[in-house]
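Report on one structure; see the data block that follows.
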Amino acid sequence: MPQFANYVEQQPTNSASWWPEKRHSALEEQPSAKKRPKAVGEGGDLLQSMPSPQCVEALDEVYVWDDRPTVLRFIEENHIRGLLLDARQALDNAFGHDAIKRLSLVRDDEGFDTLFCLVRTRAQLEIATLALRQFDEHWWLARSQEAAGKMNFDFDLV
């Protein structure tokens, strides 16, 4: 084999002696074209990963959306819908029933996506900080493992 001519050790001359025929034929069946990675919100079978209308309605009662189809797909792919629905009461207790809860998907510098629930509040910074701390201590910290780093909560002052 000419590509191995510079190696000191002798390379096998018969591929059957070191590569099982079964594996060799499986490699030949592999498609040769490589697929590029998908960006957030790109491609895929949207209908297959979308939740039922009842689930979407339940989320609509609590949250407003940035890029609705992308956020919904992310929620379903990461199995965090139940967690979002359960967060409603704790968010209302901490920030009040009138606070707007916005879901937004954010991609960091390393290409990891995180769903942020930003609670928009007119409260002063100190009060909003205490509300977030209360939410964290009474609800989120006990459940954050369920999100596996794919979701986080914060506030946004308006």
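Just to be sure I understand the filter: pairs with C-beta atoms under 9 Å, separated by 6 or more residues or on different chains, first member in the range 83-109 and among the aromatic types (Phe, Trp, Tyr), second member in a loop (DSSP other than H, G, I, E, B). Which pairs pass?
Filtered contacts from the range 83-109: PHE95/ALA123.
Which of the residues that make up the range 64-91 are of a type outside the set (A, V, I, L, M), within 18 Å of TRP139 (Cα to Cα) and either surrounded by 16 or more Cβ atoms within 10 Å (Cβ to Cβ) or touching a strand residue (DSSP E or B) at 6+ places or on another chain (Cβ under 7 Å) (or both)?
ARG81, ARG88
Filter the range 119-143 for residues that are closer than 23 Å to ARG81 by Cβ and surrounded by fewer than 18 Cβ atoms within 10 Å (Cβ to Cβ) and give the result.
Listed by number, the residues that qualify are ARG120, ASP136, HIS138, LEU141, ALA142, ARG143.
Looking only at the range 98-150, count every residue that is among the small types (Gly, Ala, Ser) and over 22 Å from the mean Cα position of the chain (by Cα) and tell me the total.
The qualifying residues number 4.
Can you name every residue in the range 92-111 that is assigned to a loop (DSSP other than H, G, I, E, B) and more than 19 Å from TRP140 (Cα to Cα)? Give the steps one after another, and end with the answer.
First, pick out the residues of the range 92-111 that are assigned to a loop (DSSP other than H, G, I, E, B): 96-99, 108-111.
Within the range 92-111, ASP98, ASP108, ASP109, GLU110, GLY111 meet the criteria.
With respect to SER144, is the statement that it is under 20 Å from CYS55 (Cα atoms) and free of Cβ contacts under 8 Å to residues at least 60 places away in the same chain true?
No; evaluated as a whole, the condition is false for this residue.
Which one of LEU132, LEU115, LEU141 is at pLDDT 95 or above, aliphatic (A, V, I, L, M) and not in a helix (DSSP H, G or I)? Spell out the reasoning first.
On the way: LEU132 fails: not in a helix (DSSP H, G or I); LEU141 fails: not in a helix (DSSP H, G or I).
Just a single option satisfies the conditions, and that option is LEU115.
The values are calculated or read from the model by the stated rules, or taken from the named source; none is laboratory data. Please read all numbers here as calculations on a predicted model, not as lab measurements. All Cβ positions, glycine included, derive from the backbone under ideal geometry; neighbour counts span all protein chains shown.
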